[in-house]
Amino acid sequence: MIDTHRMLPQSWRGWAALAAGTAMLAALPFVATPYYVGLLTTAMIGAMLALGVHLLVGATGLVSLGHGAFYGLAAYVVYLISPEGTALPIWQTLPAAMAVAGLAALLIGSLALRTRGFFFLMVTLAFGQMIFFVFHDTKLGGGTDGAYLAKPLIAAFGLELSPASFPRARRGWPVYYVALVQLVAIYLVLAFLLRSMLGRVLEGIKVNEQRMQAIGFNTYRYKLAAFAIAGMIAGAAGHMWSLHTGFVNPELVGWQKSAEALLIILLGGIGSLAGAIVGAFAFYGLSEVAQLITERKLLVDGFAILVVVILLRDGLTGIRLPRWRRRAAAPEAGVHG
Amino acid sequence: MADVPPGILVTEGLSKSFGGLRAVRDVTLTLNAQELHAVIGPNGAGKTTFVNLLTGELAPTSGRLYLEGRDITGTRPWEMPRLGVSRSFQRTNILKTLSVLENVRLAVQAVKLPVRKILSAPHTKASLVEAARRALGRVGLSAHEKTVSGVLSHGAQRQLEIAMALASEPKALLLDEPLAGMGPEESERMVVLLQSLAREHAVLLIEHDMDFVFKVADRMTVLVEGAVLTTGKPSEVRANRAVQTAYLGSPA
């Protein structure tokens, strides 16, 4: 028999947990205050970026510090293609943002992937910072101050869902639900890629790239494909950010965004695709709690992440109920069932 | 092209230098169909460098490489299995966290699956799995297909190495010290396996163990300091004084 990809749920229980989580997210706006609806939207966007980066980190074994730049670039694309103050429909802005981010990733990836390991990390960082300085040091996107943009219209087939038509307390709902749909879509697309033979090749590259070459895979091409797909997903996340806030600034493009995605993955669990989602909620939840109890929020953040990484090698998604674990580990030790 | 000698895999004046070190010097060798051709030589004779030249892992400094009369010099390593040249490694080089079957299935996928089908799910392409199972059957690993390859015994990992090379149904099979680190019982099984492989493939065997080589080889080439000392049948090589000198030192 062919095993399930190890980053995907291994049984119906995992899928059921994901479905339950989605249902919970769908219900939350009915009980949460507008502030928390906004915060959850932010967390979902963080999860989208982390999911894209996870295709590299977890599935291919590549650690990139450049994907924050593709995220920010996509948000700027929305600003740059919307003529002064006029909003474009989402079905125009989203493909444009994803295409630009994907092309940028293809170009940068084609150069960065000529290096390996630590050098790869540094080259992705350097290219990301180049994009950062384009927006930071030129007037292209409002310079260091950033710029307001007309949020893309949630419209398709002549139907429009305008936040302004909602009562004040529910203005965040349309964007929230668009983000939820997009998050689920990204997870499903990645799950599809991972369970395909492309996912198997990427996993082989992660385990032993030299051997994959020797048996006949041009590993460079496969890594480049993963790099570009991750760039497109980062672009979708950046687009969502512009829709959420209506504001772009160079901070969106900086390396900190990439580092945040890596922290989220570490926190949620490097061995599971859903780790990117769980990690994002934990990360933003943690920041929120830290902010409530102290002014030194980063200190609390850092300490909590350290504890999780040290105590839980597989992150939050690596936690298993004891009873469940015992049953799974009992038959034929060392043999994969 | 017209004067290319017949044979599956042919090298002509193949050389490789690393700076001032001439690791492989002017090696001309013909690997024929259904032949087990052993390349032997003392440590540091350039045997593994020679295999790496044949698989494209290293680019030769000079010389040509032909596959069935076609010049394939400069082919990249990942293109070789599709052309019909595959190899095993001296130091076990498998996908340790994946199952035994998946190791071999990937090797089949690399040469048999068109890239446009890359998004189909592994279980939908039963022919790849069947080919992988056949290769596992050849080396005697069928019972372990679900085992995570990293927990196999050393000998079984060596068998898996060969199954992965066999998976692409190569014309030329290059085996770099398949016996490395094997016990006597496992070696005995490997002899039987190699003899059966040589009936269907052209096998180039790099080996250190002389007893083993004389038992299985149809022809052999002796490399010393990167150059060919002699080529011939095992009986001829055994009688060759130069070989005796190279291995045992000059007679008193």
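The values are calculated or read from the model by the stated rules, or taken from the named source; none is laboratory data. All figures in this text were calculated on a predicted structure; none of them were measured in a lab. All Cβ positions, glycine included, derive from the backbone under ideal geometry; neighbour counts span all protein chains shown.
One table, with the values for the structure above:
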quantity: Single residue of B:Pro122, B:Pro77, B:Pro42 found to be closer than 25 Å to B:Pro6 by Cα and either aliphatic (A, V, I, L, M) or in contact with a helix residue (DSSP H, G or I) (Cβ under 9 Å, 6 or more places away or on another chain) (or both); calculated: B:Pro77
quantity: Any chance A:Ala99 is outside any helix (DSSP H, G or I) and either β-branched (Val, Ile, Thr) or surrounded by fewer than 24 Cβ atoms within 10 Å (Cβ to Cβ) (or both); calculated: no
quantity: Yes/no for B:Ile40 being at pLDDT below 95 and either β-branched (Val, Ile, Thr) or closer than 17 Å to B:Ala202 by Cβ (or both); calculated: yes
quantity: Residue in region A:199-227 that is nearest to B:Leu95 (Cα to Cα), counting only those that are of a type in the set (A, V, I, L, M, F, W, C) and surrounded by fewer than 21 Cβ atoms within 10 Å (Cβ to Cβ); calculated: A:Val207
quantity: Residues being of a type outside the set (A, V, I, L, M, F, W, C) and buried (at least 17 other Cβ atoms within 10 Å of the Cβ) - total across region A:7-18; calculated: 1
quantity: Evaluation of B:Gly84 against (1) over 21 Å from B:Asp26 (Cβ atoms); (2) surrounded by 22 or more Cβ atoms within 10 Å (Cβ to Cβ); (3) of a type in the set (Gly, Ala, Ser) (one fails), failing number; calculated: (2)
quantity: Meets criteria (at pLDDT 95 or above and not assigned by TED's automatic domain parsing to the domain that holds B:His208) for B:Val148; calculated: yes
quantity: Tabulated pairs, region B:110-124, first more than 7 Å from chain A (Cβ to nearest Cβ), second charged (D, E, K, R), C-beta under 8 angstrom, 6+ apart or interchain; calculated: B:Lys117/B:Lys125
quantity: Checking B:His144 against (1) over 21 Å from B:Lys47 (Cα atoms); (2) within 7 Å of chain A (Cβ to nearest Cβ); (3) surrounded by 18 or more Cβ atoms within 10 Å (Cβ to Cβ), the condition it does not meet; calculated: (2)
quantity: Flag if A:Thr86 is exposed (fewer than 15 other Cβ atoms within 10 Å of the Cβ) and either modelled with pLDDT under 95 or over 19 Å from A:Phe120 (Cα atoms) (or both); calculated: yes
quantity: One residue from A:Leu40, A:Leu28 being more than 30 Å from B:Val100 (Cα to Cα), surrounded by 10 or more Cβ atoms within 10 Å (Cβ to Cβ), more than 14 Å from chain B (Cβ to nearest Cβ) and in contact (Cβ under 8 Å) with a residue 60 or more places away in the chain; calculated: A:Leu40
quantity: Selection within region A:138-196 - touching a residue at least 40 places away in the same chain (Cβ under 8 Å), assigned to a loop (DSSP other than H, G, I, E, B) and under 22 Å from A:Glu251 (Cα atoms); calculated: A:Leu140, A:Gly141, A:Gly142, A:Gly146, A:Leu149, A:Ala150, A:Lys151, A:Pro152
quantity: Top-ranked residue in region B:156-177 [being touching a helix residue (DSSP H, G or I) at 6+ places or on another chain (Cβ under 6 Å) and of a type outside the set (A, V, I, L, M); ranked as nearest to the other protein chains (Cβ to nearest Cβ)]; calculated: B:Ser168
quantity: Single match in A:Leu49, A:Leu25, A:Leu73, A:Leu56 (criterion: part of a helix (DSSP H, G or I), over 25 Å from A:Ser110 (Cα atoms) and not small (Gly, Ala, Ser)); calculated: A:Leu25
quantity: Enumeration of residues in region B:198-252 that are part of a loop (DSSP other than H, G, I, E, B), modelled with pLDDT of 90 or more and buried (at least 18 other Cβ atoms within 10 Å of the Cβ); calculated: B:His201, B:Ala217, B:Gly226
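Residue by residue, here is whether (1) crowded, with 19+ Cβ neighbours inside 10 Å; (2) in contact with a helix residue (DSSP H, G or I) (Cβ under 6 Å, 6 or more places away or on another chain); (3) more than 7 Å from chain B (Cβ to nearest Cβ) holds:
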| site | (1), (2), (3) |
| --- | --- |
| A:Ala164 | no, no, yes |
| A:Val175 | yes, yes, yes |
| A:Val178 | yes, no, yes |
| A:Val181 | no, no, yes |
| A:Val189 | no, no, yes |
| A:Leu194 | yes, no, yes |
